[in-house]
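Engineer: Below: one structure in structure tokens.
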Protein chains: 2
Amino acid sequence: MPATPRMLVIGANATGMSAASHARRLRTPEELEIVVLERGDFTSYSSCGIPYWIAGDVEDVDDLVVRTPRQHRERGLDVRLRTEATALDAESRRVRLRSTVPAGGGAPREEWLGYDHLVLATGARPLRPPLPGIDAPGVHGVQTLDEGRALLRALERAESEVPSGRRRAVVIGAGYIGVEMAEALIRRGYDVTVLDQAGEPMTTLDPDMGRLVHEAMEGMGIATVTGARVASVRLGDDGRARAVETGDGTAYPADVVVLGLGVRPETTLAEEAGLPLGDEGGLLTDLAQRVRGHHDIWAGGDCVEVLDLVAGRTRHAALGTHANKHGQIIGANIGGGYATFPGVVGTAVSKVCDLEIARTGLLEAQAADLGLRYVTVTVEATSRAGYFPGAAPMRVKMTAERGTGRLLGVQIVGREGAGKRVDVAAVALTAGLTVEQMTALDLGYAPPFGPVWDPVLVAARKAARAVRAAADG
Amino acid sequence: MPATPRMLVIGANATGMSAASHARRLRTPEELEIVVLERGDFTSYSSCGIPYWIAGDVEDVDDLVVRTPRQHRERGLDVRLRTEATALDAESRRVRLRSTVPAGGGAPREEWLGYDHLVLATGARPLRPPLPGIDAPGVHGVQTLDEGRALLRALERAESEVPSGRRRAVVIGAGYIGVEMAEALIRRGYDVTVLDQAGEPMTTLDPDMGRLVHEAMEGMGIATVTGARVASVRLGDDGRARAVETGDGTAYPADVVVLGLGVRPETTLAEEAGLPLGDEGGLLTDLAQRVRGHHDIWAGGDCVEVLDLVAGRTRHAALGTHANKHGQIIGANIGGGYATFPGVVGTAVSKVCDLEIARTGLLEAQAADLGLRYVTVTVEATSRAGYFPGAAPMRVKMTAERGTGRLLGVQIVGREGAGKRVDVAAVALTAGLTVEQMTALDLGYAPPFGPVWDPVLVAARKAARAVRAAADG
């Protein structure tokens, strides 16, 4: 009888555990051994939930964990915590492990483990610019639950040491995570300053839409400093971060510093093994999520690049929703099924207090970089019929290609009911609809849900007129 | 100099006034005379807002009026109120008018008015089954603002005559308008009974989904009697409706009776003139909204049938959103532009208290009638990440064609955030996506907006599995 083939998974979060679980549903332990290595203490959790845990919306870290190591083990998965993969030998099909809690206790142990199918699900790490003090205690990423837990402890410590009303936090970077963390810290009672080097927060939006987020942040009491180049993190006598200094010499005092600069693919292992990486640092895969040129290595989630269907290029798009899809697809393929990931259109939504922020497709600058010529329109609309109680304004920006009229992108900033409207545009981008075709979309209408012309339709009509006008001109 | 051509519009609501306004934007009064006839007192209003006016959410009837007759007149439209079109002579291109408030006062006046372009925007009328008492005072439709005003007066009268806590209302029919009116009347403090002859309310849903609405209605304190065949309306000594009697002899006392049986196209004029009507009683048009076979007569809104792109047939779908689109298209075409209406996919959303109800595409029974073979799946999901405060359950039902896997329909019943999710399916239906393709849709994700697998994606995955299983079987 031949030996049981082994599926070795590195990383026990969305992609890794989805792949392992899905493969297990398709293959018995006799047919496929499944080993999962995890550097930290947690499996299958929601990174995206960390800001809400910090804010206190989510009481217990366990609420963010979809399935514990024990639950996975009960389903026939060999999950090994605090176990790091330190080297990959792709030719011999083996991985070197370093386990800091070997079974039976004792010193860290290293060993080689062979595989038949390797899944790289190593995720991403928060971007840490190489600045003085950036690695000091008190400077926190919020990518993993372990990091979230460390931040929470630092906050609890600050809250015991610093009187209420005098606690200060600095968030470096005003992207999704930076803005969500700023809200969380405001709600914990901190004075919060967000430093961002761009002209407006949320560079996943065009600057004119980012401006709306900026105004809303200021309205929430979040001091938002744009055009701010962080120069260093100043440390106190205890070696902990005490302030963030910008290039103009201003120092922003901080009891706690949070990194909100976004993340980079964690591909150290893969890079050392010579696996192919894209321009944005992520692993390159085929449509089945196999690493290009490597029949027996698969990768997905925050450590890969995905095909942007609108741009026609791969890029890094670290989102739990892609990571979960990748895991399912890898698990299906290793388990003997068939599944592929066609790509993304660049959809993202976020909420800061009651402000909803959404985008899909290309920004203006991205479209220009790709050599596209486009028209762009912006409309103001309401989330409900204008006469209906609670109707709130929203702004919708739409970009379409000149000539063809093909939809290129949509951005929405507004209050309740604004964000998920972007999904209509996401499907339209997937289907390659023109803005003229979008004007006829049969979207749901009733007064509590929107005006009789849905904001997306209003934008599409205006964009269609702009496309025609550009053709006439 | 030739005479100015005349555009004659019958009906001053969504389609009629949109057509008139849009044509006016494209053509000056010297180029095109525009006359609009309106039987009632109002122009350009939201019929869909009537339940919220009755409930008290909307204080003033003026809030439901987008543009008054005076405002339209200021924009160069000759709007004639209380003026009915009593005959259409398509051969001579003229319409007979009966004006009950002729300029200068006096008795009703009749006259013929010629046209170059005729727009039929006569709307719909509430279905009134031919039962004893159904036309008595106290039995109210809620299709027009005039009807809404009459109902409001009847309610105010009941509220002055009947002590608080003893006021009773009966709603005949548990479709969208019936259910919305039931909620409005409950909120006004009435004991409300809804009578419906079907097995479950909301026959625009499959019965298993209608069952959820039934349970929610009962939970709101709305007595919901299904399988109830209304036999007659009993009158009091004053000739006003006092009770509704069903076929089994039960009498449901009522201070006010509301018709919620849906509407029929108002096509009396068109039918007498021999214009073509479809199986569901609506005018048949081409894609430019021209009445079939009549070069100079246009029609849109609640008085026409629309092409159902999923069913491949025309049907009557009375919705303000279609009516507004039709008006724009007719106005563009008469004004010298070009626009067409490709059809609908059957999207509708509604809200009863905090219950959101949505559907698009085909019901199971409709699919079977069309000769389609299909699979159907139902999933339970939440409106936000499960750990997020306020996460509420929703049920999503999805139907796909066997073999091709093409999406056929989606129904959603849930709480906040459930209803407008149906728009994703509406776009997917328009684009002809398969449920397998839908599993890869790049929908917005963040914990306040949904679980990492959007409920629509969860349903698509299950439906895709069902399609594959049906292929294997």
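Every number in this text was worked out from the coordinates using simple rules, so none of it is lab data. Everything quoted here is computed from the prediction, not taken from an experiment. As a convention, Cβ positions derive from the backbone with ideal geometry for all residues, glycine included, and neighbour counts pool all protein chains shown.
Engineer: Please label the shape of chain B as rounded, prolate or oblate, based on the square roots a ≥ b ≥ c of the eigenvalues of the alpha-carbon gyration tensor (a/c under 1.5 means rounded; beyond that, a/b larger than b/c means prolate, else oblate). Spell out each step's value before the answer.
Structural biologist: On the way: a/c = 1.91, a/b = 1.23, b/c = 1.55.
Oblate, since a/c reaches 1.5 and b/c is not below a/b.
Engineer: Among A:L97, A:P108, A:L195, whose Cα sits farthest toward the positive end of the charge dipole of the protein assembly as shown (+1 at Cβ of Lys/Arg, -1 at Cβ of Asp/Glu, about the Cα centre)?
Structural biologist: A:L97
Engineer: Let me ask you something else. By its C-alpha gyration tensor, with a ≥ b ≥ c as the square roots of the eigenvalues, how is the protein assembly as shown shaped: rounded for a/c under 1.5, else prolate for a/b larger than b/c, else oblate?
Structural biologist: Numbers: a/c = 1.98, a/b = 1.86, b/c = 1.06.
Here the protein assembly as shown falls in the prolate category.
Engineer: From Cα pairs below 8 angstrom and at least 6 apart in sequence, can you work out the relative contact order of segment A:348-472, rounded to a whole percent? Spell out each step's value before the answer.
Structural biologist: Details: 261 pairs, mean separation 37.3, N = 125.
Relative CO of segment A:348-472 lands at 30 percent.
Engineer: Give, as ranges by residue number, the residues of segment B:155-179 whose backbone N falls under 19 Å from the point 7 Å along Cα→Cβ of B:D237.
Structural biologist: Output list for this probe position: B:158, B:161-163.
Engineer: Once phi is turned into θ = phi - 60°, what whole-Hz ³J(HN,Hα) does the Karplus curve with 6.51, -1.76 and 1.60 give for every residue of segment A:437-451, x standing for Gly and Pro?
Structural biologist: 4, 5, 4, 9, 4, 8, 8, x, 9, 7, x, x, 10, x, x
Engineer: Would you mind getting me the FRET efficiency between A:A288 and B:S164? Use the beta-carbon distance for r and R0 = 56 Å, nearest 0.05.
Structural biologist: Working: r = 68 Å, r/R0 = 1.21.
It comes out at approximately 0.25.
Engineer: Filter the cross-link list A:K420/B:K325; A:K420/B:K462; A:K462/B:K462; B:K325/B:K420 down to pairs whose alpha-carbon distance in this structure exceeds 29 Å. Can you show the working numbers first?
Structural biologist: Numbers: A:K420/B:K325 23 Å; A:K420/B:K462 22 Å; A:K462/B:K462 38 Å; B:K325/B:K420 19 Å.
Where the Cα-Cα span goes over 29 Å, the pairs concerned are A:K462/B:K462.
Engineer: For B:D369 and B:E271, calculate 0.36 nm times their separation in residues minus their Cα-Cα distance, and state this gained length in nm to one decimal.
Structural biologist: On the way: separation 98, 0.36 × 98 = 35.28 nm, distance 2.79 nm.
Stretched fully, the B:D369-B:E271 segment lengthens by 32.5 nm.
Engineer: Continuing with the same structure: List the trypsin sites (Lys or Arg not before Pro) within segment A:386-471 that fall in a DSSP loop (any state other than H, G, I, E or B) and whose Cβ has at most 10 other Cβ atoms within 10 Å. Show your work: numbers first, answer last.
Structural biologist: Numbers: sites: A:R395, A:K397, A:R402, A:R406, A:R415, A:K420, A:R421, A:R461, A:K462, A:R465, A:R468; in loops: A:R402, A:R415.
Within segment A:386-471, no trypsin sites (Lys or Arg not before Pro) qualify (loop, at most 10 other Cβ atoms within 10 Å).
Engineer: What nm distances, shortest first, do you get from the label point of A:P130 to those in the other copies when the point sits 7 angstrom along Cα to Cβ?
Structural biologist: 9.0
Engineer: Continuing with this model, one more query. Expressed as a whole number of Å, what is the distance separating the alpha-carbon centroids of segment A:105-122 and segment A:220-246?
Structural biologist: 39 Å
Engineer: A further question follows. So if we plug the beta-carbon distance of B:A198 and B:A392 into 1/(1 + (r/R0)^6) with R0 = 35 Å, what FRET efficiency do we get, rounded to 0.05?
Structural biologist: 0.85
Engineer: On a C-alpha basis, how far is the centre of segment B:280-352 from the centre of segment B:412-459 in Å? Whole number, if you could?
Structural biologist: 27 Å
Engineer: Out of B:F449, B:G221, B:T314, whose Cα points farthest toward the positive end of the dipole of chain B (charges: +1 Lys, Arg; -1 Asp, Glu; placed on Cβ)?
Structural biologist: B:F449
Engineer: While we're here: Among bridges DSSP assigns within chain B, what percent are antiparallel (round to 5)?
Structural biologist: Values: 58 of 89 bridges.
Antiparallel: roughly 65 percent of the beta bridges in chain B.
Engineer: Can you put A:E30, A:E272, B:E436, B:E364 in order, fewest other beta carbons within 10 Å first?
Structural biologist: On the way: A:E30 8, A:E272 11, B:E436 21, B:E364 18.
Arranged by neighbour count, lowest to highest, A:E30, A:E272, B:E436, B:E364 become A:E30, A:E272, B:E364, B:E436.
Engineer: What FRET efficiency would be calculated for the residue pair B:R157, B:Y338, taking the C-beta separation as r and a Förster radius of 60 Å, to the nearest 0.05?
Structural biologist: Values: r = 51 Å, r/R0 = 0.85.
Computed FRET efficiency for B:R157 and B:Y338: 0.70.
Engineer: Roughly what % of DSSP beta bridges within segment A:126-231 run antiparallel, to the nearest 5?
Structural biologist: Numbers: 0 of 8 bridges.
Antiparallel bridges make up about 0 percent of those DSSP assigns within segment A:126-231.
Engineer: What nm distances, shortest first, do you get from the label point of B:G312 to those in the other copies when the point sits 7 angstrom along Cα to Cβ?
Structural biologist: Counterpart label points of B:G312 in the remaining copies fall at 3.5 nm.
Engineer: Between segment A:362-406 and segment B:1-66, what is the C-alpha centre distance in whole Å?
Structural biologist: If you average the Cα positions of each part, the centres end up 28 Å apart.
Engineer: Also, quick follow-up: Using +1 at the Cβ of each Lys and Arg and -1 at the Cβ of each Asp and Glu in chain A, identify which of A:I50, A:L8, A:T267 lies farthest towards the dipole's positive end.
Structural biologist: A:L8
Engineer: Using a 10 Å cut-off around each Cβ, can you sort B:H140, A:H214 from fewest to most neighbouring Cβ atoms?
Structural biologist: Details: B:H140 25, A:H214 21.
Least to most surrounded, the residues fall as A:H214, B:H140.
Engineer: Let me ask something additional. Please rank B:V377, B:V9, A:V101, fewest neighbouring Cβ atoms within 10 Å first, as an exposure proxy. Could you put the intermediate results ahead of the total?
Structural biologist: Numbers: B:V377 20, B:V9 32, A:V101 14.
Ordered by Cβ neighbours within 10 Å, fewest first: A:V101, B:V377, B:V9.
Engineer: In nm, to one decimal, how far is the modelled label at A:T4 from the one at B:A3, with both set 7 Å along Cα→Cβ?
Structural biologist: Taking the two extended label points, one gets 9.2 nm.
Engineer: I've got another one for you. Relative to the other copies, what are the label-point distances for B:E74, with labels 7 Å from Cα along the C-beta vector, expressed in nm at one decimal and sorted shortest first?
Structural biologist: Going from nearest to farthest copy, the values are 7.0 nm.
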